[in-house]
Amino acid sequence: MPHKFINLLPPEITRPRVSGSLPAIPVPSSAVPKFVNPDILIPDNFWSNLKQFFIERPIKVRERADAPFTKTSFGAGVGDNLKDFFSSGPVPKGPVNSRLAVAWGSNFGGFGTRIKEFFSPPRQAPLPFAVKPIKVKEIWSKDEKFGWSQAIAFGLHGALLFGLLVIPILTRVLPSTEAKNKQIDMTPLDISPYVAKLPAGADKAGGGGGANNHTLTPTSKGKLPKFKWTQFTPPQAKIENLNPKLAMDPSLLGPPDLKVPSPNMANFGDPLAKGVTDSLGNGNGTGIGSGSGGGLGPGEGGGTGGGVFRAGINGVGIPVCFYQPPPEYSDEARKVKYQGAVVVEGIIGLDGKISNIRVVKGVGMGLDENAVAAVKTWRCKPAAGPSGKPVATIVPIEVTFRLF
């Protein structure tokens, strides 16, 4: 009640006013609390709580199934939970007007409802007559929205790719390849004075020779020894032994039917030389001239003129290559998927290496350079000459390029 207070203390322990005309009332000793040991160890309220826990359990009120903002909770025990699971709850006859009502489990219903729907599923309500089916397109059908804008976009992108990829190949790659091929050509030695003296109709006698004097004195003019496939005695500028035990005529290495006009002189030398000296040339070999070999002229090997022996003719064998790494493909040829062969010509020396390589038939696109680089790494067994000894020969080589 407002403005009313209930005084629970006895009047004798009410404290007097601090100031006033009335005398102070003394407080009795029984009203003062005393702190002593209790008479019993366990108070009565403990036994009452224990009794309430075992016998008088509080009533548990379950919330409503359609109450808003609440979740279904478990029962007091296993029996209550099984009872709720196997029993179907009450279903309202009319619709629920409250928008806050939550229909927990309305999609599945109870256990009996689920068993019934399993054996006899409910039928769907028929569609009204006003509803018509909708035509659905096939998944891989043609897009009707594809128009001229997409076609123009594809055309522009194709033209851009053509300009970036194809035009640089046609304008830059091919001309640069042809320019590189011209650098591989080698200028042959001028052997026109000797070639003019060869007999008509004879095979080309490539080769040359030089004396092993290692001097700077030019070659002496003189008569030529006979050409033979086997050279036993090389010519000498000065005859040191005038009375040999087994006399043999000097010879040059070359085909025996090779006829070169020779002056009638006592000493041996080059018929085309200008003066008489005491030297047969400043080359290296057993012949006459500035080259190397047993022939005549500025070349190598046998015969006259420049160059070396031709493999496979006039008693000269054919070299055999035992180490042939494949050539590398160029990027230009790989892009256009070109396959073909490059023909080169080189000299296989006594050490088995191929030198003086030149392109005879090229294909361009960088394959000519790769063919020359690959042939330089090849190793061969030199061919045997007419005397049975290894000689340097010039041979054509075909380098094949294949993608597969």
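Bear in mind that the values in this text are calculations on the coordinates, not laboratory data. Since the model is a prediction, treat every value here as computed from it, not as a measurement. In this analysis, Cβ positions are derived from the backbone assuming ideal geometry, glycine residues included, and neighbour counts consider all displayed protein chains.
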For THR230 and ALA153, calculate 0.36 nm times their separation in residues minus their Cα-Cα distance, and state this gained length in nm to one decimal.
19.8 nm
Cross-link pairs LYS238/LYS381; LYS337/LYS376; LYS335/LYS376 - those with Cα-Cα distance over 28 Å:
LYS238/LYS381
Hey, could you get me the Stokes-Einstein D for segment 354-404, Kirkwood radius over alpha-carbon pairs, 4 °C and 1.567 mPa s, rounded to whole µm² s⁻¹?
101
Relative exposure of TRP140, TRP47, judged by other C-beta atoms within 10 Å (fewest first)
TRP140, TRP47
Which distance in nm do the two modelled labels at LYS381 and CYS321 give, with both placed 7 Å along the Cα-to-Cβ direction?
1.6
Subtract the Cα-Cα distance of PHE46 and LEU216 from 0.36 nm times their separation in residues, and report this length gain in nm to one decimal.
47.4 nm
At PHE118 and LYS132, where each label point lies 7 Å from the Cα along Cα→Cβ, what is the point-to-point distance in nanometres?
4.4
Estimated dipole of segment 314-404 in Debye, rounded to 20 [Cβ of Lys and Arg +1, of Asp and Glu -1, Cα centre]
180
Under the 7 Å Cα-to-Cβ spin-label approximation, MET265 and LEU82 lie apart by a distance in nanometres of 13.7
With R₀ set to 45 angstrom, the calculated FRET efficiency between the beta-carbons of LEU350 and VAL166, to the nearest 0.05, is 0.35
